[in-house]
Amino acid sequence: MKVNVAGINFNEVQTEVLIVGTFKHPENTQGWSDFVSFYGSSLEKWLKAGDVSTDHKKLTKLPTLQEGKLQRIFFVGLGDRKTLDQDELRDIFGTVGKELVSSKTSSVSIWLDSFINEDIEIEDVAYLSAEGIGMGLYKVPNYKTSSNEVETYLDNVDLLTNSDEQEILAYFEVGQVYAEAVNEARTLVNMPSNVLTATKMAEYAKELAETYDFEYEELGKAEMEELGMGAILAVNQGSTEEPRLMVIKYRANEEWTDVVGLVGKGITYDTGGYSIKPKDGLVGMKGDMGGAAAVLGAMRIIGETRPNKNVIAVIASTDNMISGNAFKPDDVITSLSGKTIEILNTDAEGRLVLADSVTYAKQQGANYIVDVATLTGGVIIALGKDKTGALTNDETFFETFLEATVETGEFVWRLPLTESDKKRIRKSDVADLNNSPGRDGHMIFGGGFVGEFVENTPWIHLDIAGTSDASAAHDLGPKGGTGAMVRSLATLVERMSLENPEE
Ligand code: BES
Ligand code: MN
Ligand code: ZN
């Protein structure tokens, strides 16, 4: 996509569509009278009559009467100038992106300054327009024989502003990077498990590592057996597909210290194993690798923006299947950490693969750990499908993360993890831990189980079972994979890199 910065001269717009932010009282927007004299004074009447709406999120598409390339104006209702915030503006640009797809627009001008208010500066508009429109443009790849190509139309964007060209372009490009990473993660989540096997995911991870000059290591079944990764191996036991552990290292500094670990659950399909899911519970379980997708998406952003912080990504991938070899309830397994686990429920498999992944991340030098996983249906019961559930053992670390999520607009809510919860995770007659203490508050048990392997390392657990895929289209994209936490993880790393600017 070609992106240019052009001055604000409406007579010289060279694209099919012009996007105009329209607050209530648009006459207070700088340059509005120039726009009215360009477009025609009828606009004022139409605004008064409500034919061009200034209501929040209302989009009015009108043709232009002048000769030239420009064919249509999208008036984007922004509502009250005083109350519009950045999250709302991102969402609004998301809806603009969707409209650009459905109208098959190939070139667009965005009058950046028309979106400014007291809280939103021109750089924010550049960033949010790229991110919002980029996410809004996303289409789910399909396998229909009639249209097996994802069409992309938009290939030219002109940013209309008199602000510094280089700076505006830089902000816009970062927004594009964020959107593209989210969209990549969405596609991974949307891929069926017969296509996205653990081996395929590892190929993807390896390619990503090569693109961004990351160090890459991959463990297969034999290596896992040698190291004693009994937890991942147990989950993989019933499968004909090989498991994979993907390890990506981004070295920002020569010294491998102060390392952030991003750990993702990459279950390509979760049947539940012998604790099998009911048939309705199976549909959608191709998305049980949303945590892995989030980590891979974040690594893509990190590869582009190259923050000053060492990062290790660890992703364990396998499907959870049934066969004569599959693991069973009552089995006792030994994890990489040496801790033994009594299996009470083979459907509580995510915490098992995360246990070995977290241990491996620690062995490889992670000083902070964030694990991301579609871990429990419990988080959906507790928080709904639009909030990510969190646990932590470190207030300061979590505070930094919350600041990142405020920036990205991804809603995260923390649940408690108490000593009595931990007691129940450690309750077993035959092993150190059990993998399923009960259904009451089970989001806490899922994450808390992972915490047993993290021990004292500052840690945040993110349960994205609800947020990783959307059951209906939303402002920032279609039904299906959302790319939840891609942007927040990357922003966390970015923020942590700024905390230690001297390093
Ligand atoms: N992958 C599921 C969690 C899930 C549920 C993700 C719904 C997305 C939508 C996970 O492995 C699982 O099966 N969890 C069990 C835990 C239980 C066995 C303690 C659950 O949520 O029922
Ligand atoms: Mn499961
Ligand atoms: Zn699962």
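Points worth noting:
- Any hit, the stretch 82-91, residues being surrounded by 15 or more Cβ atoms within 10 Å (Cβ to Cβ) and within 25 Å of Val36 (Cα to Cα): yes
- Within the stretch 447-503, the residues that satisfy the criterion of being in a strand (DSSP E or B) and away from ligand 3 (no atom under 16 Å from the Cβ) are Trp459, Ile460, Ala470, His474, Gly477, Gly480.
- In the stretch 253-276, residue surrounded by the fewest Cβ atoms within 10 Å (Cβ to Cβ) [restricted to those that are of a type in the set (Val, Ile, Thr) and more than 14 Å from ligand 3 (Cβ to nearest atom)]: Thr257
- Residue within the stretch 294-306 that is within 14 Å of ligand 3 (Cβ to nearest atom) and either at negative phi or modelled with pLDDT of 95 or more (or both) present: no
- Qualifying residue in the stretch 226-238 (condition: assigned by TED's automatic domain parsing to the domain that holds Ile322 and on the phi > 0 side of the Ramachandran plot): yes
- Of the listed requirements (1) open to solvent by 50 Å² or more (accessible area, probe 1.4 Å); (2) farther than 24 Å from Gly238 by Cβ; (3) within 16 Å of ligand 3 (Cβ to nearest atom), Val372 misses just one: (1).
- Residue that is farthest from ligand 3 (Cβ to nearest atom), among those in the stretch 277-287 that are surrounded by 14 or more Cβ atoms within 10 Å (Cβ to Cβ) and either at pLDDT below 95 or of a type in the set (A, V, I, L, M, F, W, C) (or both): Leu282
- Of all residue pairs spaced 6 or more apart or on separate chains, none has beta-carbon atoms under 6 Å together with a first member in the stretch 250-266 that is outside the structural domain of Val314 (by TED's automatic domain parsing) and of a type in the set (Val, Ile, Thr) and a second member that is in a strand (DSSP E or B) and open to solvent by 10 Å² or more (accessible area, probe 1.4 Å).
- Tally, over the stretch 296-342, of residues that are within 22 Å of Lys221 (Cβ to Cβ), open to solvent by 10 Å² or more (accessible area, probe 1.4 Å) and either basic (Lys, Arg) or in contact with a Pro (Cβ under 6 Å, 6 or more places away or on another chain) (or both): 2
- Just one of (1) open to solvent by 20 Å² or more (accessible area, probe 1.4 Å); (2) without any contact (Cβ under 8 Å) to a residue 40 or more places away in the chain fails for Ile380. It is (2).
- Of all the listed residues (Gly291, Gly266, Gly273), the sole one being in contact with a strand residue (DSSP E or B) (Cβ under 6 Å, 6 or more places away or on another chain), part of a loop (DSSP other than H, G, I, E, B), within 16 Å of ligand 2 (Cβ to nearest atom) and modelled with pLDDT of 95 or more is Gly273.
- Qualifying helices (runs of 4 or more DSSP H) (wholly inside the stretch 1-118; at least 2 residues being over 30 Å from Pro478 (Cβ atoms)): 32-39, 42-49
A quick yes/no check of all residues on (1) of a type outside the set (A, V, I, L, M); (2) touching a helix residue (DSSP H, G or I) at 6+ places or on another chain (Cβ under 9 Å); (3) in a helix (DSSP H, G or I); (4) not assigned by TED's automatic domain parsing to the domain that holds Leu219:
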| residue | (1), (2), (3), (4) |
| --- | --- |
| Asn325 | yes, no, no, no |
| Leu344 | no, no, no, no |
| Tyr360 | yes, yes, yes, no |
| Ile381 | no, yes, yes, no |
| Thr400 | yes, yes, yes, no |
| Leu417 | no, yes, no, no |
| Ser428 | yes, no, no, no |
| Ala431 | no, no, no, no |
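- Checklist (1) of a type in the set (Val, Ile, Thr); (2) more than 16 Å from ligand 1 (Cβ to nearest atom); (3) open to solvent by less than 10 Å² (accessible area, probe 1.4 Å); (4) farther than 28 Å from Leu89 by Cα applied to Thr408, failing item: (4)
- Among residues of the stretch 118-146 that are under 20 Å from Ser107 (Cβ atoms), those with a Cβ under 8 angstrom from a residue that is open to solvent by 60 Å² or more (accessible area, probe 1.4 Å) and part of a loop (DSSP other than H, G, I, E, B), sequence gap 6+ or separate chain, pair up as Leu137/Thr152; Lys139/Val150; Lys139/Glu151.
- Contact map, the stretch 272-298: residues that are closer than 21 Å to Gln237 by Cβ and polar (S, T, N, Q) paired with residues that are within 10 Å of ligand 1 (Cβ to nearest atom) and at pLDDT 95 or above, Cβ distance under 6 Å, separation 6+ or inter-chain. Pairs shown: Ser275/Asn345; Ser275/Thr346; Ser275/Asp347.
The values are calculated or read from the model by the stated rules, or taken from the named source; none is laboratory data. From a predicted model like this one, the values you see are computed outputs, not experimental measurements. Because the Cβ atoms are built from the backbone with ideal geometry, glycine has one as well, and the counts that use them run over all protein chains shown. For accessibility, only protein heavy atoms count, side chains too; no ligands or nucleic acids. Shrake-Rupley method; radii C 1.70, N 1.55, O 1.52, S 1.80 Å.
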